1. Take Asp63 and Lys197, extend 7 Å from each Cα along the Cα→Cβ direction, and tell me the distance between the two endpoints in nm.
2. Which loop GluC sites (Glu not before Pro) in the range 1-100, with loop taken from DSSP, have no more than 15 other Cβ atoms within 10 angstrom of their Cβ?
3. Give me the extension gain from Val51 to Lys89: residue separation times 0.36 nm, minus the current Cα-Cα distance, reported in nm with one decimal.
4. What pairs in Lys3/Lys200; Lys18/Lys95; Lys176/Lys200; Lys36/Lys176; Lys57/Lys197; Lys18/Lys200 have C-alpha atoms more than 19 Å from each other?
5. Ratio of Rg to Rh for the range 11-104, alpha carbon only, Kirkwood?
6. Of the accessible area of the range 26-119, with the probe set at 1.4 angstrom, what percent is carbon plus sulfur?
Amino acid sequence: MAKVTEITVWTRGVVMDKEARDVANAFARAAEMEGKFVQAFDNYEDLPDRVLVTTRKYARISDEEIEMKYLYTNAHPDVVVIVEPTIVKGINILKGMPEGGLLLINTNRPIDYMLQFIPNADVLGCVATIDADGISGIRTVDFSGSEGGVDTAGLGAGIAAPILGALARVTGMAKKENLAKIVSDVAALERGYNEVKLEKFRKARVEYSWGT
């Protein structure tokens, strides 16, 4: 079976649901533009969506056709994205992550401060932070793109844009130029790409090449 990179995006229901959906959908679409095989979807275990309750979105990216078509969770996420920073408290956000994975958090707090809330942080290969709220400040509430529907509000009009820029920078899995063709707020995408903070640890996965 081909190597599939699993990306899990954690968010808060309703008020930030679209932001996480935009991260998963836009990143997968940009990778697809580069010839990759992709999947992006909601977590059906989290539905129906409720205000501020934690919920997840998923993306999968591979150089070959993805065979795991009917598994609606990412059991072993290589990348975990946290759209709302308090989610790190009390939830095993890194559950199933192989050693050397990446954690990206939307926060203006220092990396060391955020790591103190993650008891199994020793599995991480690197952790990154981006102050997406400080860059954009916009949280888009829209459900038109749920369940495979057409997203009438467009992708990346809010805090998803700087998160996507940061994700492109630290993973190298989707080009910023392709994301710029997808997201609505290209300026916020650029700032996320340029302003992301990254700390690498010694326990990194040799088979995965982090962006620079």
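1. With each label placed 7 Å out from Cα toward Cβ, I get 3.4 nm.
2. Glu34, Glu64, Glu65, Glu67, Glu99
3. Roughly 11.9 nm would be gained on extension.
4. Distance filter (> 19 Å) returns Lys3/Lys200; Lys18/Lys95; Lys176/Lys200; Lys57/Lys197; Lys18/Lys200.
5. Numbers: Rg = 13.3 Å, Rh = 14.0 Å.
So for the range 11-104, dividing Rg by the Kirkwood Rh gives 0.95.
6. Numbers: 2340 of 4660 Å².
Taking all protein chains in place, the range 26-119 shows 50 percent carbon and sulfur surface.
The values are calculated or read from the model by the stated rules, or taken from the named source; none is laboratory data. On a predicted model such as this, the values are computed, not experimentally measured, just so you know. Because the Cβ atoms are built from the backbone with ideal geometry, glycine has one as well, and the counts that use them run over all protein chains shown. Just the protein is used for accessible areas: all its heavy atoms, side chains included, with ligands, DNA and RNA removed. Shrake-Rupley method; radii C 1.70, N 1.55, O 1.52, S 1.80 Å.
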